[in-house]
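> This is the structure I have questions about; it appears just below.
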Amino acid sequence: GPLSTGCYLAQLTSRGCPFNCRFCVVPSTNKRRWRARSAENVVAEMRHMRQRFGVREFHWEDLNPTTSETRMLSISQCICDSGLDVIWKLVSGTKIEMLRERTIDAMASAGCRYISFSPESGSPRVLSLMGKPFDHEYALALTRHMHRRGIYTQACFVIGFPGETDADLEMT
């Protein structure tokens, strides 16, 4: 299907983040809590907006909607089971290493067309300084799989983290 319909609504399917990245204000403001809406609730909102306003594209603004792979599978299954013809995108830089190829397959089948993810740095040393675990090799493999499934991607980086050297930046 198309990448975009040209008309979309922002959607928030979860709040907070369970991680403790040192560059982010969220751990100190939400005590590392992550609260997610149920698959049924998320899809009911999509269905309502589709029926009432004709919108079929949704941009998820969550910090980390992929925190629960089970939930992503449930949302994808619920969209497919309902026959809802939608496009949805994860636009705020999620942690993709929480997913596997089968989940990406389910998401693509349910209309997911775009995933923004957050490696933050190409340097393992800087990632350690950030307190951000990230598996570059796995993320690259998963990104290739997303592309094969018609999901566009974007990677988000933090540049100039305290202690970052020119060599670290070159790795990024």
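> Mind listing just one residue for me: the one in segment 162-172 that is open to solvent by less than 60 Å² (accessible area, probe 1.4 Å) and modelled with pLDDT of 95 or more and, of those, farthest from PRO27 (Cα to Cα)?
Here the answer is ASP168.
> So, restricting to strands (runs of 3 or more DSSP E) that lie completely within segment 67-158, which ones have at least 1 residues that are open to solvent by 60 Å² or more (accessible area, probe 1.4 Å)?
Output list reads 152-157.
> Among the numbered criteria (1) crowded, with 17+ Cβ neighbours inside 10 Å; (2) on the phi > 0 side of the Ramachandran plot, which one does GLU57 miss?
(2)
> Restricting the search to segment 1-38, which residues are of a type in the set (A, V, I, L, M) and either farther than 24 Å from LYS95 by Cβ or open to solvent by less than 40 Å² (accessible area, probe 1.4 Å) (or both)?
VAL26
> If you scan segment 5-29, which residues turn out to be in a loop (DSSP other than H, G, I, E, B) and closer than 19 Å to GLY54 by Cα?
Answer for segment 5-29, where residues must be in a loop (DSSP other than H, G, I, E, B) and closer than 19 Å to GLY54 by Cα: THR5, GLY6, CYS7, TYR8, LEU12.
> Now for a separate question. Would a scan of segment 39-50 turn up a residue that is acidic (Asp, Glu), without any contact (Cβ under 8 Å) to a residue 12 or more places away in the chain and open to solvent by 30 Å² or more (accessible area, probe 1.4 Å)?
For segment 39-50, residues acidic (Asp, Glu), without any contact (Cβ under 8 Å) to a residue 12 or more places away in the chain and open to solvent by 30 Å² or more (accessible area, probe 1.4 Å): absent.
The values are calculated or read from the model by the stated rules, or taken from the named source; none is laboratory data. Source: prediction; values computed, not measured. When we count neighbours, we look across all protein chains shown, and the Cβ atoms used for this are built from the backbone with ideal geometry, even at glycine. Each accessible area value is taken on the protein alone, full model and side chains, heavy atoms only, with ligands, DNA and RNA left out. Shrake-Rupley method; radii C 1.70, N 1.55, O 1.52, S 1.80 Å.
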